[in-house]
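J.: Quick one: the structure is below, and I'll ask about it shortly.
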Amino acid sequence: MFECTRETCAFAYHIDEIKKLRAVIIAVSPDSLDRHGQFAELYGLAFRLAADPALEVARTCESPRLNGKGMLRVTYVIEAQGVIRLALHHELLINTHWKKAIEVLKPRP
């Protein structure tokens, strides 16, 4: 299983907890809509996958690039007002992204 698949499945596994925090997941990658559809069906994903083949979303969010070529895997937590509350881009610790996202989503005391 590829790392991106593991990360996506981790978020899918915790979707109920994320929904309880009134959050929405949208996974974005340069893959085509057809490929996203196949991927979502294969893994039973209950959240949206968005195609960004021209990397417009990646550029708008200023996602880090890998040696000027592909984009690094990034998890953003963005408030409804458009404020980025969290940006995680660690290729080796992606299995913790869902945990950090939930921590940031939880109401502050």
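The values are calculated or read from the model by the stated rules, or taken from the named source; none is laboratory data. The model shown is predicted, which means the values in this text are computed figures rather than measured ones. For neighbour counting, all protein chains shown are included, and Cβ atoms are generated from backbone atoms with ideal geometry for every residue, glycine included. Only protein heavy atoms, including side chains, enter the accessible area calculation; ligands, DNA and RNA are left aside. Shrake-Rupley method; radii C 1.70, N 1.55, O 1.52, S 1.80 Å.
Yes/no per residue for (1) over 20 Å from Pro53 (Cα atoms); (2) of a type outside the set (Gly, Ala, Ser); (3) touching a residue at least 60 places away in the same chain (Cβ under 8 Å); (4) in contact with a Ser or Thr (Cβ under 6 Å, 6 or more places away or on another chain):
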| site | (1), (2), (3), (4) |
| --- | --- |
| Thr5 | no, yes, no, no |
| Ala12 | yes, no, no, no |
| Leu21 | yes, yes, yes, no |
| Ile26 | no, yes, no, no |
| Pro30 | no, yes, no, no |
| Arg35 | no, yes, no, no |
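J.: Please enumerate the residues belonging to region 34-49 that are more than 18 Å from Lys19 (Cβ to Cβ) and open to solvent by less than 100 Å² (accessible area, probe 1.4 Å).
T.: Step one: of region 34-49, the residues more than 18 Å from Lys19 (Cβ to Cβ) are 34-39, 41-42.
Once the filter is applied, which keeps residues that are more than 18 Å from Lys19 (Cβ to Cβ) and open to solvent by less than 100 Å² (accessible area, probe 1.4 Å), region 34-49 yields His36, Gly37, Phe39.
J.: Pairs, please: C-beta under 7 Å, at least 6 apart or cross-chain, first residue farther than 17 Å from Phe2 by Cα and in region 85-101, second assigned to a helix (DSSP H, G or I) and at pLDDT below 80?
T.: Sorted first by the residue in region 85-101, then by its partner, the list stays empty.
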